[in-house]
Amino acid sequence: MRTLVLALLLPLLASPALAAKAEPQEVELRFQPQPGDKLRQTINMNMQMAMNMLPGPDTNEEQRAKLQEGAKKLGKGMSMDMKMAMRVEASDADAKGDYLLHLRGEGGQMNLKMADQPPKAMPNPVGDLELDTLTNVDHNKMEILRIKSAQPALKDSKMLESMGQGLIKQAFGAMSELEGRRMKIGDSAEIPFDVQMPMAQLPANAHIVATLGFTLKSIRGGIANFDTVVKMKMDMASNEGEAQQMKMAMTGGGTGTMAYRIADHLPMRNDMLLSMRMDMQMPADVSMQMDMTMKMDARGERYR
């Protein structure tokens, strides 16, 4: 009788152990879309910026009055919200492993809010951009074959090419540096980070150093959870002999998290909060200070 009872109980006792399948302790990172993939990434960004102009000892009274008037407006700051989505569709690979990637920007809403003014809608240059690229299963290099945009400002071929490269960076970012990397829980990796500043093109002599660090904190339910850290520094000075001498320095950083689904190599969530401080020494002994914070949220999904 005792043997019969044990025979009946053993499956029940064993089932919890079978159900509690051990989680993997290592993950192999893959970010490049593979043949047949259909992916959608949504990005939301909010930027808050405040500026202040400060006179120097050699600033005359007229210049001081203008700076004080401008400081009243700049001190109230400005904000910008951006929302957009990107779709990526990959073809099947041929015998050589080559396949096409079709990237398409969607939406591209961007609103600028200045102090004491209603929000102003602004065009997002990658909001309706489409491009076809050629890549291969054995490498992550992408060759742009075709670019299309309905915006009149992007008719120039060089500018369109630049925007196309920007869309690729925005879709896959610095993650290509981690392609194929294997990480165990507790491991960290630091890679160069391409900073996309929401401002006019920086001068050629502006040197930006930025790194993005990843630490694998845990693996639960097939999701690898990472903590991320960004460090940024920029220095710029006028070239010798220039009439308008200007110096600029920027420091910043931030933290975030990334959730990566192991089974299908999908970054499901990538959130980050950044803060930056810029100090600029301008002609006429005037200095400008700018403080900026950016909150970025990205979500990834697959579709049929």
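The values are calculated or read from the model by the stated rules, or taken from the named source; none is laboratory data. Just so it is clear, the model here is predicted, and its values are computed rather than measured. Positions of Cβ are generated from backbone atoms using ideal geometry, with glycine treated the same way; all protein chains shown enter the neighbour counts. Keep in mind that these areas ignore ligands, DNA and RNA; they rest on the heavy atoms of the full protein, side chains included. Shrake-Rupley method; radii C 1.70, N 1.55, O 1.52, S 1.80 Å.
Accessible surface area normalised per residue over the range 77-173 is 55 Å², counting heavy atoms of protein chains with a 1.4 Å rolling probe. Under 14 Å Cα-Cα from residue 113, which aspartates and glutamates qualify once same-chain neighbours fewer than 8 residues away are excluded? Once the sequence-local aspartates and glutamates are set aside, what remains near residue 113 is 81. Sorted on the mean count of surrounding Cβ atoms within 10 Å across their residues, most packed first, peptides 176-183, 126-133 read 126-133, 176-183.
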